[in-house]
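Quick notes on the structure that follows.
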Amino acid sequence: MLILGIESSCDETAAAVVRDGREILSSVISSQIELHKPFGGVVPELAAREHLQKIDPIVSEALEKANVALKDIDAVAVTQGPGLIASLLVGVSYAKALAFGLDIPFIGVNHIEGHVLSVVFENPAVEYPAFALIVSGGHTNLFHIPEAGKYKVISRTRDDAAGEAFDKVAKMLGLEYPGGPLIEKLAKEGDAKRIKFPVAKISDGRPDFSFSGLKTAVSRYLRENEIAPLAKDELPTQEIKDIAASFQATVIKSLLGTTEKMAAQFHPQTLIVAGGVACNNALREAAEMLGEKLNLPVYFPSKHLSTDNAAMIAAAGYFHLQNGEQSDLRMTADVSMRLQNFENEDGELKRRKVRYRL
Ligand code: KG4
Ligand code: ZN
């Protein structure tokens, strides 16, 4: 079965051709980083317009690279949500039109489930129950997955996503967008023990993440120590490198500390770590060490598949199509689409007035 995957939820326009949910014939990603760089973050209007221009050529390129024609495609999988509404709509409308024109099935996929399934291509089969730590610019979730396709969110961020914290702290240090890779580079030469930044504890005792306090702590440290952001082309000082390393170590400690605590309760057989922040080598190494300690394998996607891509969307689409599911033409983009389909605590959270961004 050949699936054409399409992803346009944020600032990457991507298309991929995947055979039987596991073999990538092509994966093309057009990043908008340069477009948004001057603004220090993604500008939704610009993103949507760029998707509109890129989607058709990117799909053509994916087909060409896979050496297949449109008529060979058996189904289309597209990111339905969560994401930016105007960006999502470009992919969803395109996928629907294509599937209708070709008279083949199509399926709307949850972007986060795509990140979870991004590990299927280059790792042994996932053993269940599994944990998936999905860390990106928009999401920070720890999922308990008792069997394929079943998800319970056990930890999530109450404010900023981990990648967002990387990007905001980078901005404070005078670094360009996206800040994650630049912080990682500085952190390599920094002393992670130099500054003690706090790992947030949630007052209601839920095992959630919070990164806005850490961001404020970095900002306060910069102010109190009169550290100015780096000017363009200025070489970073040792102090800035130490701040980057200490900040990065705190994020990793928070992510993996919670994962370890929850693992003692849920006993996962596999740990999946995916999403843009999973490109971070320090996080990869620390997660590997946690895996050794807990005696469970840790699966990452390769870096190409860690950030947003369409191969993971095709993989998620394949799973659902194999389960006999498909979308119809009434399907539309869902900005705040959730990935939780058992032991959903939404009612309880509402009653206790616990708020999440996603
Ligand atoms: O998954 P992704 O491409 O897009 C979203 O769905 O958000 O993730 C992008 C995020 C950005 O916040 C970026 O700074 C972060 O991933 N990121 C990193 C690294 N590479 C990308 N964060 C830390 N270290 C990295 N090496
Ligand atoms: Zn993503």
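For the range 114-140, the tally of residues that are more than 14 Å from SER155 (Cα to Cα) and within 13 Å of ligand 1 (Cβ to nearest atom) stands at 7.
When we screen SER60, SER155 for residues that are more than 16 Å from ligand 2 (Cβ to nearest atom), free of Cβ contacts under 8 Å to residues at least 12 places away in the same chain and not hydrophobic (A, V, I, L, M, F, W, C), the only hit is SER60. With respect to the conditions (1) more than 9 Å from ligand 1 (Cβ to nearest atom); (2) not in a loop (DSSP other than H, G, I, E, B), GLY149 falls short on a single one, namely (2). If the condition is being of a type in the set (Lys, Arg) and closer than 28 Å to ASN323 by Cα, then the range 35-90 contributes only LYS71. All of (1) part of a helix (DSSP H, G or I); (2) under 23 Å from the mean Cα position of the chain (by Cα); (3) not hydrophobic (A, V, I, L, M, F, W, C) hold for ARG220 with one exception: (2). Only helices (runs of 4 or more DSSP H) whose full extent lies in the range 252-358 are considered here, and none of them has at least 3 residues that are touching a Lys or Arg at 6+ places or on another chain (Cβ under 6 Å). Could we say that TYR177 is of a type in the set (Ser, Thr, Tyr), assigned to a loop (DSSP other than H, G, I, E, B) and either over 27 Å from GLN265 (Cα atoms) or within 16 Å of ligand 2 (Cβ to nearest atom) (or both) here? Spelling it out, TYR177 is indeed of a type in the set (Ser, Thr, Tyr), assigned to a loop (DSSP other than H, G, I, E, B) and either over 27 Å from GLN265 (Cα atoms) or within 16 Å of ligand 2 (Cβ to nearest atom) (or both).
Scanning the range 283-301 for residues that are buried (at least 17 other Cβ atoms within 10 Å of the Cβ) and under 25 Å from GLY137 (Cβ atoms) yields LEU283, ARG284, ALA286, ALA287, LEU290, GLY291, VAL298, TYR299, PHE300, PRO301.
What residue, among those in the range 245-302 that are without any contact (Cβ under 8 Å) to a residue 24 or more places away in the chain and within 16 Å of ligand 1 (Cβ to nearest atom), is nearest to GLU164 (Cα to Cα)? The extreme case among them is ARG284. Among the residues of the range 110-138, those identified as in a loop (DSSP other than H, G, I, E, B) and within 11 Å of ligand 2 (Cβ to nearest atom) are SER118, SER136, GLY137, GLY138. Taking the conditions exactly as written (touching a residue at least 24 places away in the same chain (Cβ under 8 Å), closer than 22 Å to GLY276 by Cβ and of a type outside the set (D, E, K, R)), does ALA66 satisfy them or not? No, not satisfied. Based on what the data block shows, is THR237 more than 16 Å from ligand 2 (Cβ to nearest atom), among the hydroxyl-bearing types (Ser, Thr, Tyr) and buried (at least 20 other Cβ atoms within 10 Å of the Cβ)? So THR237 fails the test.
Here HIS320 qualifies as of a type outside the set (A, V, I, L, M, F, W, C), more than 12 Å from ligand 1 (Cβ to nearest atom) and crowded, with 17+ Cβ neighbours inside 10 Å. Only a single item in (1) hydrophobic (A, V, I, L, M, F, W, C); (2) touching a Gly at 6+ places or on another chain (Cβ under 7 Å); (3) at pLDDT below 95 is not met by LEU175, and it is number (2).
Taking (1) away from ligand 2 (no atom under 16 Å from the Cβ); (2) in contact with a helix residue (DSSP H, G or I) (Cβ under 8 Å, 6 or more places away or on another chain) in turn, LEU142 satisfies each apart from (1).
The values are calculated or read from the model by the stated rules, or taken from the named source; none is laboratory data. Values in this document were obtained by computation on a predicted structure and should not be read as measured data. We place every Cβ from the backbone using ideal geometry, glycine too, and count neighbours over all the protein chains shown.
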